[in-house]
């Protein structure tokens, strides 16, 4: 395949049409390692990934995710995003390494065609060099820096297009099989293994209970209770939230301060910790309320165009739980854990032996379904169970859904309607072919990555989570 790609790359003429470009030199990946040298994040086949490139890419993704998920965006998602951004940049350089191996390059003419397509660089409808230099310098970028970064992006487009178009050809049989997976239905039979059925089969010794209690006894307390007061600061308040915070640090008396400033004081009343955290979940109160002491003022908590500044009025720590009650709580937990493990093992044995109850069925459902009737949502890692066929009749591992374990087997299928296929054929063929190319590209990058990792050509110098 590589021989074919090299031959294809040398003769390949690619045209990139930029329909709408708004200051195009700020691309997703930026200039990256073409910039000044700074902290190295990773090495990929001779390329260095430096902090400015990573920082720029991460901030763009971060802003997009914050707008998309709003108050649901949390620290865990931010940590996962850091890894994702680094892997995206690593994939970029893997493609550049492959471009070099395949002899793919960007000519001066191709770069000139790009410049000629950018409206920001035109004067009287034509490319103007003086305007080009002026626009770049207004954006604190030198022409040679811009040229290198854009040739890199053109090279990326080129190698991506070549890899996509070099994928294995798609036949009519492949497209029909894809259509069956998208529009066809499958009936599954299943056995359920509920942990509740195994609770009477497990035992917990006194030693186990006391060992766990000795390790965890500090956890067995009643809930803390809180009472907080807060003021809301918005555009109509006539004062900024940071000023309110600084003033309250000095004044301490939130009621007197609010009266003087014409602000309303809100009182949560005494609330259990779980109730408080639930009531103010959108403010992420659980991340800071525990650190407050009586009389403390919180930093402004911004929420949908307004800010809330809290003061802790009272806090009472939960009292220690009676040992007998704590031991009972531990016993219930250990029984549930052991019962769940027995259910999982029993389901695993059934999956291996192919022993599935033939009487309980899902009924015919789309192979692309995200949930199973009367069972629940299909876990992301187990969507393969909807692909069961006569040739592969049993899903080879137990599936946990809503705390129970299930073993699934193929019971029958329905092909899509042939008349519908005739109407959808052209549209679906285009869609399937495009998706096949994307999958081939992803597979190509992953295979190249694994080969480079084995050869020691990819090194992560700094963990993104430490940045």
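Does the stretch 388-402 contain at least one residue that is in a loop (DSSP other than H, G, I, E, B), within 30 Å of residue 221 (Cα to Cα) and within 29 Å of the chain's Cα centre (by Cα)?
Yes, some residue in the stretch 388-402 is in a loop (DSSP other than H, G, I, E, B), within 30 Å of residue 221 (Cα to Cα) and within 29 Å of the chain's Cα centre (by Cα).
If we scan the stretch 125-137, do we find a residue that is touching a strand residue (DSSP E or B) at 6+ places or on another chain (Cβ under 7 Å) and not in a helix (DSSP H, G or I)?
The answer is yes; a qualifying residue exists.
Restricting to the stretch 315-329, count the residues that are within 21 Å of residue 209 (Cβ to Cβ) and part of a loop (DSSP other than H, G, I, E, B).
2
Pairs only if they're at least six apart or on different chains, beta carbon under 6 angstrom, first in the stretch 72-84 and over 11 Å from residue 62 (Cα atoms), second in a helix (DSSP H, G or I); list them, first residue then second.
That search, which allows pairs on different chains as well, returns 83/464.
Looking at (1) without any contact (Cβ under 8 Å) to a residue 24 or more places away in the chain; (2) at positive phi, find the lone condition where residue 103 falls short.
Of (1) without any contact (Cβ under 8 Å) to a residue 24 or more places away in the chain; (2) at positive phi, only one is false for residue 103: (1).
Pick from 233, 239: which is touching a strand residue (DSSP E or B) at 6+ places or on another chain (Cβ under 8 Å) and free of Cβ contacts under 8 Å to residues at least 60 places away in the same chain?
Going through 233, 239 in turn, the sole match is 239.
Please list, ordered by first then second residue, the pairs with beta carbon atoms under 6 Å, 6 or more apart or interchain, first in the stretch 332-361 and closer than 20 Å to residue 410 by Cα, second assigned to a loop (DSSP other than H, G, I, E, B).
Listed pairs, sorted by first residue: 347/398; 348/398; 351/396; 351/397; 351/398.
Which of the residues spanning the stretch 311-339 are within 30 Å of residue 246 (Cα to Cα) and touching a helix residue (DSSP H, G or I) at 6+ places or on another chain (Cβ under 8 Å)?
The answer is 311, 312.
What number goes with the only condition from (1) surrounded by fewer than 15 Cβ atoms within 10 Å (Cβ to Cβ); (2) touching a residue at least 40 places away in the same chain (Cβ under 8 Å); (3) closer than 30 Å to residue 452 by Cβ that residue 145 does not pass?
Here residue 145 clears every test but (1).
Can you find even one residue in the stretch 246-268 that is in contact (Cβ under 8 Å) with a residue 60 or more places away in the chain and either over 27 Å from residue 326 (Cβ atoms) or crowded, with 16+ Cβ neighbours inside 10 Å (or both)?
yes
Report yes if some residue within the stretch 121-142 is closer than 23 Å to residue 57 by Cβ, free of Cβ contacts under 8 Å to residues at least 12 places away in the same chain and touching a helix residue (DSSP H, G or I) at 6+ places or on another chain (Cβ under 9 Å); otherwise report no.
Looking for residues that are closer than 23 Å to residue 57 by Cβ, free of Cβ contacts under 8 Å to residues at least 12 places away in the same chain and touching a helix residue (DSSP H, G or I) at 6+ places or on another chain (Cβ under 9 Å), one finds at least one in the stretch 121-142, hence yes.
For residues that are in contact (Cβ under 8 Å) with a residue 60 or more places away in the chain and exposed (fewer than 12 other Cβ atoms within 10 Å of the Cβ), tally how many sit in the stretch 440-458.
The number of residues fulfilling the criteria is 0.
Is it the case that some residue within the stretch 74-85 is within 30 Å of residue 463 (Cβ to Cβ), assigned by TED's automatic domain parsing to the domain that holds residue 156 and not in a helix (DSSP H, G or I)?
yes
Report, by residue number, each residue of the stretch 303-317 that is touching a strand residue (DSSP E or B) at 6+ places or on another chain (Cβ under 8 Å) and surrounded by 12 or more Cβ atoms within 10 Å (Cβ to Cβ).
Hits for the stretch 303-317 are 306, 307, 308, 309, 310, 311, 312, 313, 315, 316.
Just the residues that are more than 17 Å from residue 182 (Cβ to Cβ) and assigned to a loop (DSSP other than H, G, I, E, B), please, taken from the stretch 403-427.
Listed by number, the list holds a single entry, 403.
Go through the stretch 63-92 residue by residue and tally those that are in contact with a helix residue (DSSP H, G or I) (Cβ under 8 Å, 6 or more places away or on another chain) and closer than 18 Å to residue 466 by Cβ.
Residues flagged as in contact with a helix residue (DSSP H, G or I) (Cβ under 8 Å, 6 or more places away or on another chain) and closer than 18 Å to residue 466 by Cβ within the stretch 63-92 amount to 11.
The values are calculated or read from the model by the stated rules, or taken from the named source; none is laboratory data. Please read these numbers as outputs of a predicted model, since none were measured by experiment. Note: ideal-geometry Cβ built from the backbone for every residue, glycine included; neighbour counts use all protein chains shown.
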